[in-house]
Every structure is written in structure tokens, then in C-alpha cells.
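The values are calculated or read from the model by the stated rules, or taken from the named source; none is laboratory data. Please read these numbers as outputs of a predicted model, since none were measured by experiment. Cβ placement follows ideal geometry from the backbone for every residue including glycine, while neighbour counts extend to all protein chains displayed. Side chains are part of the model used for accessible areas, which takes the heavy atoms of the whole protein and leaves out ligands, DNA and RNA. Shrake-Rupley method; radii C 1.70, N 1.55, O 1.52, S 1.80 Å.
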Amino acid sequence: MIGMIMFIVALFMLMVGFPVAFTFGGVALFFGVFAEGMDLFAFMPFRIWSVMQNKVLMAVPLFIFMGVVLQRTRLAEQLLTSMGRLFGSLPGGLAISTILVGALLAASTGVVGASVVAMGLISLPVMLAHNYDKRLSTGTICASGTLGQIVPPSIILIILGDVIGLPVGDLFRAAVWPGVALIVFYIVYILILTRLKPEMAPAMPEDPTRSRKQEIGSALLAIIPPLALIVVVLGSIFTGIATPTESSALGGVGAVVLAIIYRQFSFQMVWDASKDTVKVTAMVFAILIGATAFSMVFSYTGGDYLLEDWLHMLPGGEWGFIILAMLVILILGFFIDFVEISFIIVPILAPIAEAMGINMLWFAILIAMNLQTSFLTPPFGFALFYLKGVAPPEVRTMDIYRGIVPFILIQILVLALIVVFPGLFGMSATN
């Protein structure tokens, strides 16, 4: 029972606000010494060394660097302006353009914070100026900003590939159709809502100084550079030309080239982007090392066997396990970050799923879809905090909380469709 007690203690400490990496490491040290003595931690240097030697994890800082550089090139501003003009004459057109831009930013940067902040600064004032409902505006921005969690190249897919032991390229390919489905469902929801309540998202008046041909041309000019980067990064992976780690290096170079194209390049910009990259990467790897210590002690104290026996006794067999696992991850997402869930919860659930004969690629995509929701669920949804930090004073926190509810329900609906009909998304539930 020591393993289960330390698991509960760690969750409690995370929920009350203790730093994640130190919580995992400190709880592991206390319970490890109590159960086995200091000799247990003689294995820790070897575990840390294996983490540092992992070539798959090299893609994490490179993709983060790519995203930070693109965030500084005013890419989002030009995309939103052009797409807004293209779809603005439709009821809900600004919201639709925000979702499409969010999808493009997700596929070219994968950094949720950068996407939400950029669209909050650029798109939200425009939507409010055109009398868009505050709840619809904020919900659309938060939901589209989190698409980077499921649309490749996604940091969470790289982490899950390492934790579960799956090729990252296979995860990227498998995530394409679920990501597309989510985008389509968002757009359909906005079209239905604006059809029923057009006053929530009125159409923008057309600009008499610009022809339709000019608007389409400017939109294409804004879309082509990030689209080219997406083709280079994902195309090199899907065709087998490059590994995900190699393609992340291509993405970093491509982001610098786009900075030159947008005339935003400077050595100071590269220096600042590199510092931001180091900060985020250090956070991820500190959590990983703490989680490695935690999982080692949890295993040595028999917590994994106890949990496995309990999960095998669930009614419904594999489906009972899937439903419970998704429910646990969804609930934990209200309180703790996707990185902690990936490094602590997933290593416990993955061996059980594999022993039950569940297709691990399908299981990983279910987890990634579920973890995306953690960015939206209050009280600790990070996308909500990002948007509130840049929103005008008239936008209240409660407006944001109420605005994201329909999008959370849409995400749960798409997750349920992947569970029930995996074949629609090119996957199988069993091996």
C-alpha cells in the first residue's frame, strides 16, 4: 500500500500548489527511504542517463524553439487579418477564421500559450468591436489555441511516444484525422449557433476599397509560408525522409527562414527565443527526472501490481478499463498539467492496456485528445489564464469559463467517437 499512499500524497501536494518537479522528487525520496532505504536510489543516475540519451526527446526543445521564433514573426497577426477579411462577411466568419488560423498555428508551432496569447491580442478586440458575444469569442480563441496539443507536430505526442514506447511518426500520422475532426466540429458548431442566433456573431461589413480577388490573394500570401513549413516538417516525417528529431531541426531552420521573410529576423530575436526555449525545456526535463524517481519508487514498493490487479477486476474488461482511464485523466486534467499526467499516470496505465491487448497507438491518441481538454477545464486550465492575461477589462473570468463549456463538450464528443468508432479515424481498438 506504500505506493498507493505516495501516489495520493503527490496528487494532494500538486493540487495545493507545490512545484511539480520537486513534489515528485521529494515524495519519491521520502517514501523510497522509508520503504527500501537509500540503496534504492543507487539506480537513479542510470535512469537519468537513459533520459539524457533519448534521441526522441531531442525533438522537444527544437519544436519549442520553432514555435517561439514563429510567435515573434507576427505570423498570427497576418494570418488573422487576412482570414478575417476572407470570412468576415459571413455570420460567425471571424470565429471561423480564428479556428482555421489556430489550426495552422498548431501545425506550425504546437505551442498553446503562444497561439492563445497571439489570438487574444489580435482577434479578440476585433470580434468584440464587431459586437460578437464575449462567451463565443473567448471560447473560440481558447479552443482553437489548444489545437496544438493534438494537431502534429505536438509536444505531447512526442512525450507520449517516449513514455509508451511508440514511434513518434506513427503518432503524428494517427493524430491527423482526430485533429481534422475536432476542427470540423468546431466550425459546424459555430455555423449552427450563428444560424440560430445571428446576433451572437454578426457579419462584418465588406471593405469597399478591396475586391474579393484582392482579399483571396492576401489570404493566400499569408497562408503559403506557414503551410510550406508544415509540409516540410510533417511531410519529411510521413514520407520517411527524416525522423521526428531531424524534422524538428528542419522546423527550427524553417522558422528562422520565415522570420527573414517577414523581416523580423535579428540576432537579439534568436537569443531571446533561445532563452525562452531553455526555460520551457528545463521545466519539462525537471518534471521528467522527478517523475522518473517517483515511478521507480512506485514500482519497487509494488504500487503498479496492486493497481493492475484492481483494474483487471473492473466490470466490462477492456472497455471498463478504457472508460475509467479516460475518466480519471479527464478529472485530473481539472487540477494538474498534461506533463505531470503524461509522466505519472500514463506509465501506470500503459502496461495494463498493453497486457489487455489494447492497440497502444489508439490508446495514445485517446490520451492526447483527453489531455487537450485539460487546457480548457477550470479552475486550472492554462488556456483560460493565458487569455485572461491579455483580454480587455470588460471580459470577465466568468465569460471565459462559460464560453469554453460548449467546446469542452465537443472535445468529449470527438473523444467518444474515437472510442466507439476507431475505424472512422483509421485506427483499431485491438492489436
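So how many residues does segment 72-102 have that are in a loop (DSSP other than H, G, I, E, B) and either within 20 Å of the chain's Cα centre (by Cα) or of a type outside the set (Val, Ile, Thr) (or both)?
Final tally of qualifying residues: 7.
For (1) open to solvent by less than 10 Å² (accessible area, probe 1.4 Å); (2) small (Gly, Ala, Ser); (3) assigned to a helix (DSSP H, G or I), each residue gets a yes or a no:
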site	(1), (2), (3)
351	no, no, yes
368	yes, yes, yes
376	yes, no, no
386	no, no, yes
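Condition test on residue 200, is it touching a His at 6+ places or on another chain (Cβ under 6 Å) and either farther than 30 Å from residue 422 by Cα or at pLDDT below 85 (or both)?
Numbers: touching a His at 6+ places or on another chain (Cβ under 6 Å): no; either farther than 30 Å from residue 422 by Cα or at pLDDT below 85 (or both): yes.
No, not satisfied.
When the residues of segment 248-304 are filtered to those that are aromatic (Phe, Trp, Tyr) and within 28 Å of residue 35 (Cβ to Cβ), which remaining residue is most open to solvent (accessible area, probe 1.4 Å)? Give the derivation first.
Taking segment 248-304 and keeping what is aromatic (Phe, Trp, Tyr), we get 262, 265, 267, 271, 285, 294, 298, 300.
Subsequent filtering for residues that are within 28 Å of residue 35 (Cβ to Cβ) retains 285, 294, 298, 300.
Values: 285: 40, 294: 3, 298: 7, 300: 108 Å².
Looking at the filtered set, the residue picked out is 300.
Hey, residue 316 hits all of (1) modelled with pLDDT under 85; (2) surrounded by 15 or more Cβ atoms within 10 Å (Cβ to Cβ) but one; which does it fall short on?
Of the numbered conditions (1) modelled with pLDDT under 85; (2) surrounded by 15 or more Cβ atoms within 10 Å (Cβ to Cβ), the odd one out for residue 316 is (2).
Of everything in segment 231-247, what is surrounded by fewer than 22 Cβ atoms within 10 Å (Cβ to Cβ) and in a helix (DSSP H, G or I)? Give them in sequence order.
Scanning segment 231-247 gives 231, 232, 235, 236, 238, 245, 246.
Among what's in segment 330-355 and is without any contact (Cβ under 8 Å) to a residue 24 or more places away in the chain and within 17 Å of the chain's Cα centre (by Cα), pick the residue that is farthest from residue 20 (Cα to Cα).
Just the residues of segment 330-355 that are without any contact (Cβ under 8 Å) to a residue 24 or more places away in the chain, to begin with: 331, 345, 354.
Restricting the remaining residues to those that are within 17 Å of the chain's Cα centre (by Cα) gives 331, 345.
Working: 331: 18, 345: 14 Å.
Filtering segment 330-355 for residues that are without any contact (Cβ under 8 Å) to a residue 24 or more places away in the chain and within 17 Å of the chain's Cα centre (by Cα), the one farthest from residue 20 (Cα to Cα) comes out as 331.
Checking residue 188 against (1) closer than 30 Å to residue 167 by Cβ; (2) within 23 Å of the chain's Cα centre (by Cα): exactly one of these is not met. Which one?
Looking at each condition in turn, residue 188 falls short on (1).
Of all residues in segment 175-184 being open to solvent by 10 Å² or more (accessible area, probe 1.4 Å) and touching a residue at least 12 places away in the same chain (Cβ under 8 Å), which is nearest to residue 53 (Cα to Cα)?
Among those residues, the one meeting the criterion is 176.
Could you identify the single residue in 237, 241, 216, 289 that is under 20 Å from the mean Cα position of the chain (by Cα) and either of a type outside the set (Lys, Arg) or under 30 Å from residue 349 (Cβ atoms) (or both)? Give the steps one after another, and end with the answer.
On the way: 241 fails: under 20 Å from the mean Cα position of the chain (by Cα); 216 fails: under 20 Å from the mean Cα position of the chain (by Cα); 289 fails: under 20 Å from the mean Cα position of the chain (by Cα).
On inspection, the qualifying residue turns out to be 237.
Report whether or not residue 224 is surrounded by fewer than 19 Cβ atoms within 10 Å (Cβ to Cβ), of a type in the set (A, V, I, L, M, F, W, C) and either farther than 26 Å from residue 93 by Cβ or at pLDDT 85 or above (or both). Break it down stepwise before answering.
Numbers: surrounded by fewer than 19 Cβ atoms within 10 Å (Cβ to Cβ): yes; of a type in the set (A, V, I, L, M, F, W, C): yes; either farther than 26 Å from residue 93 by Cβ or at pLDDT 85 or above (or both): no.
Against the criterion (surrounded by fewer than 19 Cβ atoms within 10 Å (Cβ to Cβ), of a type in the set (A, V, I, L, M, F, W, C) and either farther than 26 Å from residue 93 by Cβ or at pLDDT 85 or above (or both)), residue 224 does not qualify.
Just give me the residues in segment 143-170 being in contact with a Gly (Cβ under 7 Å, 6 or more places away or on another chain), of a type outside the set (Val, Ile, Thr) and crowded, with 24+ Cβ neighbours inside 10 Å, in sequence order.
Initially, segment 143-170 is screened for residues in contact with a Gly (Cβ under 7 Å, 6 or more places away or on another chain), giving 144-145, 147-148, 150-151, 153-155, 167-168.
Now narrow it down to the ones that are of a type outside the set (Val, Ile, Thr): 144-145, 147-148, 153-154, 167.
Those that are in contact with a Gly (Cβ under 7 Å, 6 or more places away or on another chain), of a type outside the set (Val, Ile, Thr) and crowded, with 24+ Cβ neighbours inside 10 Å: 144, 145, 147, 148, 153, 154.
Rundown of residues vs (1) open to solvent by 70 Å² or more (accessible area, probe 1.4 Å); (2) over 21 Å from residue 165 (Cα atoms); (3) within 22 Å of the chain's Cα centre (by Cα), yes/no style:
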position: 357; (1), (2), (3): no, no, no
position: 396; (1), (2), (3): yes, yes, no
position: 400; (1), (2), (3): no, yes, yes
position: 410; (1), (2), (3): no, yes, yes
position: 421; (1), (2), (3): yes, yes, no
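For the condition open to solvent by 20 Å² or more (accessible area, probe 1.4 Å) and small (Gly, Ala, Ser), what is the one hit in 32, 26? Lay out the reasoning, then the answer.
Values: 32 fails: open to solvent by 20 Å² or more (accessible area, probe 1.4 Å).
One residue alone meets the criteria, 26.
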